[in-house]
Amino acid sequence: MQPSTNPILFDQQTISDEWIDQLYPIKLQKLSGTHWTPVEVAKKAIPFLTEGKRQRVLDLGSGSGKFCLVAATLCKDAQLVGVEQQENLVRLSRKIAAELQLENLTFLHSNLLDLDFNQYDSFYFFNAFEELINLKDRVDKSKELDEITHQSYIQVIGQKFEQTPQNTRIVTYCGECDEIPDSFVLVHTGNRGKLKFWQKR
């Protein structure tokens, strides 16, 4: 049974992985456990990313848009932006956001490396380039293993993080965190070390 998309029902009490998964096509539901941010993780990440005067949060490689959908619901005062290269996922994310009447949310069809990171206060990063080095449960079946491109992306995104101002915050989920420059301090961790909270000195 498809859940109602009445925004009143989509709140902290009703929000869950199962509820959100039902908003997506079956083929994407099957990828949820591997590629989409768990609701529990989003609930931990968004207070850190929006604390104080931080209002603009960029999800790097937003995929199905799940993190942004949850974060925009939990923090109405923040502006959530998801950037994703796969146009079909961007269209789907926009459609669901419109159905849920989430106005503090934008999805960009773009390469995240082309964005000006200084327009944002904080960032969420969940292995956006994983498909370049791991073909298991691929979202984009056309992609092939490409370690060189993977490393170049990590290097460029690290440079972009380095250029952000003091006190910029990042939350990473899974991954080796090679893209995080030494100018960022690990504030704390969660989910058995998979979830990391960073702040620039």
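The values are calculated or read from the model by the stated rules, or taken from the named source; none is laboratory data. Fair warning: this is a prediction, and the values are worked out from it, not measured in the lab. Glycine also receives a Cβ, built like all others from the backbone with ideal geometry; neighbour counts cover every protein chain displayed. All accessible areas refer to the heavy atoms of the entire protein, side chains included, with ligands and DNA or RNA removed. Shrake-Rupley method; radii C 1.70, N 1.55, O 1.52, S 1.80 Å.
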Long-range HN-HN contacts of Ser183 with modeled amide H, under 5 Å: none
Separation in nanometres of the label points that stand 7 Å from Cα toward Cβ, at Val187 and Ile148: 3.9
Greater than 29 Å apart at Cα, pairs in Lys27/Lys200; Lys30/Lys160; Lys30/Lys194; Lys44/Lys200; Lys160/Lys194: Lys27/Lys200; Lys30/Lys160
Amide H contacts under 5 Å for Asn167, placed H, 5+ residues apart: Lys200, Arg201
Stokes-Einstein D in µm²/s, Kirkwood radius over Cα pairs - the range 142-201 at 20 °C with 1.002 mPa s viscosity: 172
Accessible area per residue, Å², the range 148-198 with all protein chains present, probe 1.4 Å: 53
Accessible heavy-atom area order of Ile148, Ile15, Ile26, highest first, probe of 1.4 Å: Ile148, Ile26, Ile15
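Using a 1.4 Å probe over the heavy atoms of the protein chains, calculate the carbon and sulfur portion of the accessible area of the range 7-108 as a whole percent.
Using a 1.4 Å probe with all protein chains present, the range 7-108 comes out at 49 percent carbon and sulfur.
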